[in-house]
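Working notes, beginning with the structure itself.
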Amino acid sequence: MTTHTHLATSSTGDGTASSLSGLRTLIRLVLRRDRIRLPAWIAGHGLLVVYIGAALPQLAPQQADLGNLTVMLAQPVGRMFTGPAFGLDAPTYARFFAAGYMPYLFLLSALMNIFLITRHTRGEEQSGRAELIRANVTGRHTALTAALVVALLANAVVAAVVAVLAVGVGYAVTGSLLAGLATGLTGMVFAGVAAVTSQLSEFSRAASGMAGAVLGAAFLLRALGDMVAVGGSALSWVSPLGWAAQTAPYVHDRWAPLLLSAALALAAVALAFGLQRRRDFSASFVATRPGRAHAHPWLGSATGLAARLQRGGLLGWGTAILLLGIIDGAFTQAMIDAGDGMPDELSAIFGTEALVQGYTAFLGSFVVIFAAAYAVYAMQTLRAEEGSGRADAVLATPVSRVVWSASHVLVIAARILLLATVTGLGTGLAAALVTGDGDLVGEVLLAHLAVVPAALCVLGLCTALFGWLPRLMAALGWVAVAVLGVVELFAALLDLPDGLRSLSPLHHLAAVPVEEFALTPFLVVTAVAVAAAAIGLLGLRRRQLNVT
């Protein structure tokens, strides 16, 4: 619903100054509330730079040895996951870092800003806290401005940390400054995007989901553009992630692409303020559709209600994961063609010299990492239902806390299985079409299903945290997803210690079809997931609702 109603912004009038009344106080409040989250995000950026800087010399003692490692990054499928592969014909540690790992800094920065902006804007309106703040002398634009100022400060610190640490590990100063600035400006682009989506939806999760969809589209466009040729193509320049990659630190050191990032960030912020001026407090531009006069009978059960509340997340995540799986499957023939020149170090990533089987197993694990991320996202529905008070309305009926929360957990678990099955079939069909080998359909499907317990483990961890430490559920849940990703994608390449590898449930499951399916670890990991969920449900019975 949108109107042109003018709200009283302060006790002094409607001028520009009054629309920002209380800005300094609210900035301090945002920084106070994010005193743990933001340092953790920034430390994550720094740790990635330091770890890669330390690990590459261990993996390749001489920079000339990097030539054996660049083959995969220079292939189309490698460029899809990383970037346009600038400078890999004469690799150095810095160029290898920029080509292989900087895209993940961009993604990390984008996610930090999406969560930061939606939490402190639409999330505050949804919870009602913004209304309490607006009851004081605060302006119409104060909350959005405070969130954006904090985002600007956080991105400036991220840029400085990346640049300083990159110089500290021995990379060139100019390229390091460019890498830091590209990371920070990419973050500001998605801060602006999240500021816009926060005006479009009445719900913070929907706003985050829309901003995440923009990020996913940006990644897809960049991936497709970079797959066309080394150095990217015209399609690469359509994506904000592509602009950051086109700076080519340590190779061409281009500053001009960052003008596009800065322009888009400014335009998005201006659009967000423009939209905010044209809507009522707590209203949105995407109208919430009224429900039917009479609900379907299945909505009368806790499970039916949970399935309905989780439907939007499934459609968004499911579409993105299926699309990614099909693209991966379509590149099976490219992997076969590249197999002859692949070095042993990169063959280790796929776990075997039989490249097709190794790639098939890798695809299953790769998809399950995204399924685990979906589990963390979906579990936040319970936090939202609890914080909004809607859970109280459900629990006022003959529905216990255990039944309420277990219904959500069971629905999420069933949908993880559904995601793995549908994506496995789609990926297998794509692989079979490009290779002419119909047996790949079954092999790829089994590869996906064999590692589903890893995603269930993350779901169990989130359930346990929701029952006992709900404030830490999202943060530790994402850490668990990061552990899955780092161990699966980089463990062999970076020679990670066994202790760190064992933290990932994927490490304990058989990599089908490279390895024969092992029932015992499959059941053990599943049992761990179930036990963690049971512990969480027990905790929920003991703690107060709406108390963290």
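Using θ = phi - 60° in the Karplus curve 6.51 cos²θ - 1.76 cosθ + 1.60, the 3J(HN,Hα) couplings for the stretch 33-46 round to 6, 9, 5, 9, 4, 5, x, 5, 4, 5, 4, x, 4, x Hz; x is entered for Gly and Pro.
Helical content of the chain, expressed as a calculated mean residue ellipticity at 222 nm, amounts to -23000 deg cm²/dmol (DSSP H runs of 4 or more residues, -39,500 (n - 2.57) each, divided by residue number, nearest 500). The simple spin-label model puts a point 7 Å past each Cα toward its Cβ; for ALA414 and GLN333 those points are separated by 3.9 nm. Each 10 Å bin, from zero up to the one with the longest distance, holds this percent of the alpha carbon pairs of the chain: 4, 17, 27, 27, 17, 7, 1, 0. Taking label points 7 Å from Cα along the Cα-to-Cβ direction, GLN62 and LEU315 give a separation of 5.9 nm.
What the phi angles of the stretch 100-115 give under the Karplus curve with 6.51, -1.76 and 1.60, with θ = phi - 60°, is a coupling list of x, 10, 4, x, 6, 5, 4, 5, 4, 5, 5, 5, 4, 6, 4, 5 Hz, glycine and proline written as x.
Extending 7 Å from Cα along the Cβ direction at ASP437 and again at SER282 yields two label points whose distance is 5.9 nm.
Here r is the Cβ-Cβ distance between HIS252 and ALA160 and R0 is 30 Å; the resulting FRET efficiency, rounded to 0.05, is 0.85.
With a 1.4 Å probe and all protein chains left in place, how much of the accessible area of the stretch 105-236 comes from carbon and sulfur atoms, in whole percent? Could you put the intermediate results ahead of the total?
Values: 3160 of 4210 Å².
Roughly 75 percent of what the probe reaches on the stretch 105-236 is carbon or sulfur.
Rounded to the nearest Hz, the phi-derived 3J(HN,Hα) couplings of the stretch 324-333 under the Karplus curve 6.51 cos²θ - 1.76 cosθ + 1.60 (θ = phi - 60°) are 4, x, 5, 4, 4, x, 5, 9, 4, 5, where x marks glycine and proline. The calculated P(r) of the stretch 220-318, using every Cα pair and 5 Å bins from 0, goes 2, 10, 11, 12, 10, 12, 11, 10, 9, 7, 3, 2, 0 in percent. Give me the net charge for the shell around LEU363: Cβ to Cβ below 12 angstrom, other residues only, Lys and Arg +1, Asp and Glu -1. Once all neighbours under 12 Å are counted, the net charge is -3.
Think of a 1.4 Å ball rolled over the protein heavy atoms: the chain then has 43 Å² of accessible area per residue. This model, with +1 at the C-beta of Lys and Arg and -1 at the C-beta of Asp and Glu, gives the chain a dipole about its Cα centre of some 2900 debye. Rounded to the nearest 20, the size of the Cβ-charge dipole of the stretch 213-297 about its Cα centre is 440 debye, with Lys and Arg at +1 and Asp and Glu at -1.
ARG119 sits with roughly 60 Å² accessible to a 1.4 Å probe, with DNA, RNA and ligands left out of the calculation.
The values are calculated or read from the model by the stated rules, or taken from the named source; none is laboratory data. Given the structure is predicted, the values throughout are model-derived calculations rather than measurements. Ideal geometry is used to build each Cβ from the backbone, glycine not excepted, and the neighbour counts take in all protein chains shown. These area figures cover heavy atoms from the full protein model, side chains too; ligands, DNA and RNA do not enter into them. Shrake-Rupley method; radii C 1.70, N 1.55, O 1.52, S 1.80 Å.
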